[in-house]
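The values are calculated or read from the model by the stated rules, or taken from the named source; none is laboratory data. Computed from a prediction, not measured in an experiment: that's the story for all the values here. No Cβ is skipped: glycine too gets one built from the backbone with ideal geometry, and neighbour counts run over all protein chains shown. Accessible surface is based on the protein model in full, side chains and every heavy atom, while ligands, DNA and RNA are left aside. Shrake-Rupley method; radii C 1.70, N 1.55, O 1.52, S 1.80 Å.
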Amino acid sequence: MKDLSKEMIGATSIPLILSILHEGESYGYNIIQRMKEISNDQIEWKEGTLYPILHKMEKRGLITSFWKVSDNGRKRKYYRIVEEGESLVSVEIQNWKSMNQIFSKLWQTQMTSI
Amino acid sequence: MANSNDFDLKRAIDNWVVELKSKDFSLERVEELESHLGDLLSDLKSDKLSEEEQFMIAMHRIGSTETLKKAHDYEAPFNFQRFSGIAQGITYFLIFGMLSRVAVGATNKIFVWIDSQNQLLYLSLSLVFQLIALGGVFLVYRKVTQAKVKNQSELGSNVIAISSIFLTLMFYFCGLYFLRPTMSSLSLFPIIQSLFPYLIPATFFIGLLVKTVKEWKKERRIRALG
């Protein structure tokens with residue numbers, strides 16, 4: 001994991017996963033690849049990290065899972081966001097927008113004072 | 001360094017799966033990780049690497065089975081679902097059996113005391129308990145219908161446990177209401193009382209069987225896909 005702190009990545013894992021699943025149902029490997037693509041390789045989840053988080057989210061009722069046989073004949077476990085997860089995404093978007101405004105003001109102030 | 005020609009990718013994957021199973025991962029977790037490994041190897045195939053190199057890189061990226069186990073245990077330090085479906089059912093069975101005996105004993109004491117004081121109060125309290133039980137059944141019914149609307153078929157054993165509690169309590173208090181000694185010369189009250197402690201465990205044993213069968217069917221479904 002380059003540049004971004006582990007604490008930052010840990011704190012944002014659930015909203016990030018929910019946002020990816022908001023785009024459409026997906027499976028573990030694809031979620032990792034999508035995250036790498038969006039973050040320009042700054043965030044690279046490990047399998048040992050991602051799957052326990054997915055299972056925890058499923059237990060919390062944010063996502064649901066189902067098995068499907070892919071085109072190449074391999075069975076995969078897919079995850080799909082559910083209503084509770086959608087609600088949390090909306091809340092998180094508002095939270096991050098608020099934080100973004102706060103940081104923007106603070107850093108602008110700090111930069112002008114230099 | 002091993003000769004790449006001797007390397008058997010399928011055997012290496014099978015050995016890895018066996019190692020995962022030895023770490024006490026559930027079948028579903030193992031299947032998921034195996035599927036992930038398959039996706040990883042498919043991507044690495046395009047890099048013109050030998051099978052052995054592909055497998056080594058995949059293993060490095062996924063991490064050791066010990067690391068996977070530690071990460072899994074960290075997120076779920078006490079995972080009740082790691083126990084088999086039967087063990088869960090037995091636990092519910094014992095807890096519910098104990099609670100039901102306490103409830104029967106407490107109710108006997110309450111109604112014996114009330115009977116000697118005020119019959120109308122006795123009847124009123126019986127009705128109150130029945131309404132509470134009906135409310136519980138209604139809540140369970142709502143949860144079931146909501147789950148159907150959301151296309152969720154997995155309701156979990158909690159619903160079976162709660163519905164069993166409220167249904168049996170409802171029938172119990174109905175029995176008290178209609179069959180108590182002062183209402184009828186032919187009183188079935190003592191018979192109901194003697195049978196009820198056996199009816200409660202019998203009712204919940206059905207829930208235990210349902211849960212166990214559900215777990216087996218789920219595993220069979222996963223195996224059938226492969």
- Scan the range A:1-40 residue by residue and report those that are hydroxyl-bearing (Ser, Thr, Tyr) and exposed (fewer than 12 other Cβ atoms within 10 Å of the Cβ). A:Ser5
- Query: Mind checking which residues of the range B:55-75 are open to solvent by less than 40 Å² (accessible area, probe 1.4 Å), modelled with pLDDT under 90 and more than 7 Å from every other protein chain (Cβ to nearest Cβ)?
  - Reply: B:Thr65, B:Lys69
- Query: Which one is surrounded by the fewest Cβ atoms within 10 Å (Cβ to Cβ) among residues in the range A:70-106 that are more than 21 Å from the chain's Cα centre (by Cα) and under 20 Å from A:Ser26 (Cα atoms)?
  - Reply: A:Asp71
- Message: For a quick check of your reading of the model, give me the residue pairs whose first member lies in the range B:52-68 and is on the phi > 0 side of the Ramachandran plot, whose second is charged (D, E, K, R), with beta-carbon atoms closer than 7 Å and at least 6 apart or on different chains.
- Response: B:Gly63/A:Lys46; B:Gly63/A:Glu47
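Would you call B:Phe7 modelled with pLDDT of 80 or more, of a type in the set (Phe, Trp, Tyr) and open to solvent by less than 90 Å² (accessible area, probe 1.4 Å)?
Spelling it out, B:Phe7 is indeed modelled with pLDDT of 80 or more, of a type in the set (Phe, Trp, Tyr) and open to solvent by less than 90 Å² (accessible area, probe 1.4 Å).
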- Top-ranked residue of the range A:41-69 - restricted to ones that are farther than 23 Å from B:Gly63 by Cβ and open to solvent by 20 Å² or more (accessible area, probe 1.4 Å), ranked as farthest from the chain's Cα centre (by Cα): A:Val69
- Task: For the range B:7-29, enumerate the residues that are touching a residue at least 40 places away in the same chain (Cβ under 8 Å) and either among the acidic types (Asp, Glu) or at positive phi (or both).
- Result: B:Glu19, B:Asp24, B:Glu28
